[in-house]
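Every number here is computed from the coordinates shown, using simple stated rules; none is lab data. From a predicted model like this one, the values you see are computed outputs, not experimental measurements. Every residue, glycine among them, receives a Cβ derived from its backbone with ideal geometry; neighbour counts consider all protein chains shown.
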Amino acid sequence: MARNYYMAGNWKMHMTRSEAATLAQDLVNKLADGKHKYLVAPSFTLLETVSAVVENTNIRLGAQNCAPEEQGAHTGEVSVLQLKELDVQTIILGHSERRHIYKEDDALINKKVKLALKHGFEVILCIGELLEEREAGKVEEVCERQTVKGLEGVDAGDLHNVVIAYEPVWAIGTGKTATPQDAEAVHGFVRKVIARLYGQDAADKIIIQYGGSVKPDNAAQLMAMENIDGALVGGASLKTDSFIPIAKFS
Ligand code: PGA
């Protein structure tokens, strides 16, 4: 089953507006002839600036989170309606930093997933185990729970707008990448979970990205794995010199 690679940059809480505009323009120029699907996800305050730069290009615009409600008394939150206005196409949900620093649980993440899908966004649902969970042999249990609960109540008809990102927490920002074989084992397992929930055809089609210290020198080996369909890149997405070789891996 041929799936298109999806290479995404999660800029996290980095960059000023002028830096973001410069990086986005550089990516637009250098990825214009790229063959894969691309995304950049800047901070909320940078979205309008980056939106203007990536409009009508082959780079999608992503947000890093959204509120679980459309509007109302939610101080400090940003709504899907506000993201839509800025032409955001994709929302990253359940990132490990949201789960572990900001204590978002599966139920809250599921609420956001359903709301984002209802409004026509593509969702990148992040899953992944902590180091102690890996050491306790709980990788599959954790990834299955986060996938099943994250997608609870999501209709099969919306699954084409769902991307899963497997990001082992111990590999994020640490320079420790999962070996291609270790990552592949989890990706294959998650695809089986999707098959159980939505059938084999949906499982064959769903894009499962790997994230966690993806760098120019390990991207190609990871992407060579059968069930790894792209990357969600943090640190290395902040510079063209490191993101372009990942995005155009060969
Ligand atoms: P990293 O981050 O590439 O810096 O490890 C990945 C992520 O958190 O999406």
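Express the C-alpha Rg of region 137-250 as a ratio against the empirical globular expectation 2.2 N^0.38 Å, rounded to two decimals.
Rg over 2.2 N^0.38 Å, computed on Cα atoms: 1.07.
I need the phi-derived Karplus couplings for region 131-141: 6.51 cos²θ - 1.76 cosθ + 1.60, θ = phi - 60°, integer Hz, Gly and Pro marked x.
Each residue of region 131-141 in turn: 4, 5, 5, 4, 5, 8, x, 10, 4, 5, 4 Hz.
Once the cut-off is 24 Å, how many percent of the Cα-Cα pairs in region 30-147 end up in the long-distance tail?
33
Just to be sure I understand: of the beta bridges DSSP finds with both ends in the chain, what percent are antiparallel, rounded to 5?
0
Which of the peptides 176-187, 129-140, 211-222 is most tightly packed, and how do the rest follow, judged by the mean count of other Cβ atoms within 10 Å per residue?
211-222, 176-187, 129-140
Could you tell me what fraction of 2.2 N^0.38 Å the Cα radius of gyration of region 187-231 comes to, as a two-decimal ratio?
For region 187-231, the normalised Cα radius of gyration is 1.24.
Each residue of region 171-187 in turn: what ³J(HN,Hα) in whole Hz from Karplus with 6.51, -1.76, 1.60 and θ = phi - 60°, glycine and Pro shown as x?
Computed from phi, the couplings for region 171-187 are 9, 7, x, 9, x, 9, 9, 5, 5, x, 5, 5, 5, 4, 4, 6, 4 Hz.
Note down the nm distance, to one decimal, between modelled labels 7 Å out along Cα→Cβ at A156 and at T75.
Going by the 7 Å Cα→Cβ label model, 4.6 nm.
On alpha-carbon atoms, Rg over Rh for the chain using Kirkwood Rh?
Taking Rg over the Kirkwood Rh, I get 0.93.
Relative contact order of region 53-205, please, whole-number percent, based on alpha carbon pairs below 8 angstrom and at least 6 residues apart.
Relative contact order of region 53-205: 19 percent.
For a quick check: with amide H placed at 1.01 Å from N, whose amide H comes under 5 Å from N65's, ignoring anything fewer than 5 positions away on the same chain?
Under 5 Å from the amide H of N65 lie the amide H atoms of I92, each far enough along the sequence or on another chain.
If each residue of separation counts as 0.36 nm, what is the full-extension length gain between D182 and N29 once their alpha-carbon separation is subtracted?
In short, 51.6 nm is gained.
In whole Hz, what ³J(HN,Hα) sequence does region 84-99 give by Karplus (6.51, -1.76, 1.60; θ = phi - 60°), x for Gly and Pro?
3J(HN,Hα) across region 84-99, in whole Hz: 4, 4, 9, 6, 5, 10, 9, 10, 7, 10, x, 4, 4, 5, 6, 5.
Residues with beta-carbon under 13 Å from that of H14, excluding H14: net charge, scoring Lys, Arg +1 and Asp, Glu -1?
+1
Restricting to DSSP H runs of at least four residues, report the calculated mean residue ellipticity at 222 nm for the chain, -39500 (n - 2.57) per run over all residues, nearest 500 deg cm²/dmol.
Computed ellipticity for the chain at 222 nm equals -11500 deg cm²/dmol.
Pairs K118/K192; K35/K192; K30/K138: which exceed 30 Å Cα-Cα?
K30/K138, as the Cα separations exceed 30 Å there.
I'd like the FRET efficiency for E226 and E141, computed as 1/(1 + (r/R0)^6) with the beta carbon distance as r and R0 of 22 Å, rounded to 0.05.
Once rounded, the FRET efficiency stands at 0.45.
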